[in-house]
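Accompanying notes for the structure given below.
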Amino acid sequence: MIGTLLRDLQQPEYIHVLLNPLPVYGLLTGLIGLVLALILKSRRAQIATLTLVLISSASAWPVYEFGQQGYDRVLSMADADGQAWLDEHKERGEDLI
């Protein structure tokens, strides 16, 4: 089991899937926290949430890189509909990055 997990973590498409939610959920959490910190006028909370926004934003780069590395491999496994969806996913990622 551990061997399978370690093998999967060496494949970029698996790492992409694991990291993909970080920018979205992290930025959403940071935004909500920042609004609350501004309402409460808490300097510490503002710094903490801005740090969360920075880390979440920075996580978009490895998500993009691992997605690019795993693209060909996933494309070869997908059927025609899956390939069309994967191309759309790639275009959206490139636009957002």
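Quick note: the coordinates plus some simple rules give every number you see, no bench work behind them. Just so you know, these numbers come straight off a predicted model, no measurement behind them. Heads up, the Cβs are rebuilt from the backbone with ideal geometry, glycines too, and the neighbour counts pull from every protein chain shown.
Some values worked out for this structure:
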{"quantity": "Max mean-square fluctuation residue, GNM over the chain, Cα-Cα springs under 10 Å, options G67, G30, G82", "calculated": "G82"}
{"quantity": "Within the stretch 15-61, trypsin sites (Lys or Arg not before Pro) in DSSP loop having at most 13 other beta-carbon neighbours inside 10 Å", "calculated": "K41"}
{"quantity": "Label corresponding to Rg/Rh (Cα atoms, Kirkwood Rh) when calculated from the structure given, among (i) 1.13; (ii) 1.21; (iii) 0.95", "calculated": "(i)"}
{"quantity": "Sequence ranges 2-11, 86-95, 52-61, ranked by mean other-Cβ count within 10 angstrom, highest first", "calculated": "52-61, 86-95, 2-11"}
